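K.L.:
Here you go, one structure.
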Amino acid sequence: MPESGSDPLIRQTQLFIDGQWVPAQSGKTFDTINPSNEEVIARVAEGDADDVEHAVLAARRAFDEGPWARMDARDRGKIMHRFCDFIEAEIDELAAIESLDNGKPVKDARSVDIPLAIECIRYYAGWADKIQGSTIPVRGDFLCYTRREPVGVAGQIIPWNFPILMAAWKWGPALATGCTVVMKPAEQTPLTCLRLAYLAQQAGIPDGVINVVPGFGPTAGAAIVQHPGVDKIAFTGSGETAQHIIRQSAGTMKRLTLELGGKSPNIVFADADLESAAEGAHIGIHLNQGQCCCAGSRLFVEDSIHDSFVEKVVDLSRKRRVGDPFDPTTDQGPQVDRDQFEKIMSYIDKGKKDGAVCATGGQRVGDRGFFVEPTVFTEVRDEMAIAQDEIFGPVLSVLRFSDMEELVRRANATTYGLAAAVWTRDVSKAHILAKQLRAGTVWVNCYDVFDAAAPFGGFKQSGFGRELGQRGLDAYLEDKTVTVRLG
Ligand code: NAI
Ligand code: MG
């Protein structure tokens, strides 16, 4: 890996705390790498417990004494809309930085990630003045009502697969409800989050409301999770880290929302529109280099159409263009870093050793950057590692089914429960499965359809709480019951 040492072209970022750009107190930095060529993009100030302390105090003060939670909710909404105007004005630059840092095709960042992020913040801007309690008919001569108040300082820890979008999912409801934020972006992709903080300040979000502390999980992340001044943690990432967070937050009894991984079943019946199902199977696994928590990584295909359907899916995989994320014809860029790349390659090895058939792909692309061929395994059995574990890469496991009851049991036989999809023209079959599948989202005749208004989150070990939609506000609100004697 190249040294960032003395290269004058390498820029250095700072932490954003209390409206100021500051170096890490330790003076430490880390490099963020372009996964297409493994070169250093920038040196990033590395926050740790001391910087988190500073950020939490700022967020605490901004919440307890500042204008944000106290201002007319309509004005909060207006400032959030202005923030979105600023994001829109810089969409090309943001897409380029996102693509450079994460490896995703710039056209995807420009046309999917950032528009969805803007939609999310605008959606929650609209909620700012519509958050209301209720009047409750209690026994006796009392007026009883509830107020919905902001939970306080939110510690937000996000992953690297959708850096801008994950920041928007976290900031949208926090800002609308009047909370303040200490965010730790992923160490692989800190750059766009810092730029968003700059735009938020330009838009008029007061100092201390949003603080961004890039750094590593066990240092900066753990400090946020343990800090007594933080009221709530919102986390997206791996189950393993979520378990740490549950344990480490117990001492201060924090509210938690956890959005974790999946091994989502994508089920294709013989009576489906097979062209669009094949497209859905393809996008369901390969979108974002396979680095989606809701990836449709277990493709269940009805026996009677198995071979011809697999042919279609394999064909689409072979046509997928892997390469430079800045080339407008590229469909798939590199994996985010060496760790992810190696994890994926080791699962591909395991799949082969366990006796699955690698119908296409299975190799690295080139010898520089973390590119992996779109890969499809057939003849996969339920107990194989490639059918059980989240690979988080462009690796599809195809399984056969014939009996519907058995299918439901197999589809649900995982520790995860984030998403599922069903492809069929039979309306009742679709709704029966929508009911029986143990997942937070079920798509019928579509995949990866997201909307800021529709809640998203997991059953089982895919997490708890919901993001997006009206439900997404709940995680940032406390209910207060007020009872007044009238007589
Ligand atoms: P991770 O869960 O370790 O990292 C996600 C975030 O948590 C990062 O910001 C990281 O710095 C932070 N973190 C790590 N340890 C922490 C700790 N002890 N306390 C507080 N924060 C901590 O995920 P990682 O290591 O990047 O990826 C490993 C696997 O996790 C992936 O291969 C994939 O299977 C899964 N994953 C799932 C995601 C999802 O969207 N559900 C996103 C990213 C990863
Ligand atoms: Mg980790």
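The values are calculated or read from the model by the stated rules, or taken from the named source; none is laboratory data. These numbers come from a predicted model, not from an experiment. Ideal geometry is used to build each Cβ from the backbone, glycine not excepted, and the neighbour counts take in all protein chains shown. The accessibility values were calculated without ligands, DNA or RNA, using every heavy atom of the protein model including side chains. Shrake-Rupley method; radii C 1.70, N 1.55, O 1.52, S 1.80 Å.
K.L.:
First compute the accessible area of the chain with a 1.4 Å probe, then give the percent of it belonging to carbon and sulfur atoms.
P.N.:
51 percent
K.L.:
Another question about this same structure. Could you report the accessible area of residue 331 in Å², rounded to 10, computed with a 1.4 Å probe on the protein chains as they sit in the structure?
P.N.:
Rounded to the nearest 10, the figure is 50 Å².
K.L.:
Residue 28: which lysines have alpha carbons under 23 Å from its alpha carbon, excluding same-chain residues fewer than 8 sequence positions away?
P.N.:
Within reach: 184.
K.L.:
Which order, highest average first, do 461-474, 270-283 follow once you tally other Cβ atoms within 10 Å for each residue and take the mean per peptide?
P.N.:
In descending order of packing, they fall as 461-474, 270-283.
K.L.:
Contact order normalised by length for the stretch 393-473, with contacts defined as Cα pairs under 8 Å and 6 or more residues apart; what percent is it?
P.N.:
Rounded, it is 26 percent for the stretch 393-473.
K.L.:
Further question: For n ≥ 4 DSSP H runs only, could you compute -39500 (n - 2.57) per run for the chain, divide by its residues and tell me the 222 nm figure to the nearest 500?
P.N.:
-11000 deg cm²/dmol, from helical runs alone.
K.L.:
Work out Dmax and Rg for the stretch 4-116 from the C-alpha atoms and quote the Rg first, both in angstrom.
P.N.:
Rg, Dmax (Cα atoms, Å): 17.5, 50.
K.L.:
Taking one equal scatterer on every alpha-carbon of the stretch 141-262, how large is log10 of I(q)/I(0) by Debye at q = 0.11, 0.13, 0.18, 0.23 1/Å?
P.N.:
For the stretch 141-262, the Cα-only Debye profile gives -0.37, -0.50, -0.91, -1.44.
K.L.:
For a protection proxy built on the mean count of beta-carbon atoms within 10 angstrom, sort 94-107, 316-329, 415-428 highest first, please.
P.N.:
The peptides rank, most packed first, as 94-107, 415-428, 316-329.
K.L.:
Please state the relative contact order of the stretch 448-487 as a whole percent: Cα pairs under 8 Å, 6+ residues apart?
P.N.:
It rounds to 29 percent for the stretch 448-487.
K.L.:
Write down the accessible area per residue of the chain in Å², having rolled a 1.4 Å probe over the full set of protein chains.
P.N.:
Averaged over the residues of the chain, the accessible area is 40 Å².
K.L.:
Holding the Cα-Cα limit at 32 Å, pick out from 78/107; 254/460; 107/312; 312/353; 130/429; 353/460 the pairs that are longer than that.
P.N.:
130/429
K.L.:
Could you work out how far apart the two model spin labels at residue 11 and residue 479 are, taking each label as a point 7 Å from the Cα in the direction of the beta carbon, and quote it in nm?
P.N.:
4.7 nm
K.L.:
Once each part is reduced to its C-alpha centroid, what is the distance from the stretch 171-203 to the stretch 403-428 in angstrom?
P.N.:
37 Å
K.L.:
On a 1.4 Å probe surface of the protein chains, which of 16, 63, 450 comes out largest in accessible area, and what is the full order?
P.N.:
From most accessible down to least: 450, 63, 16.
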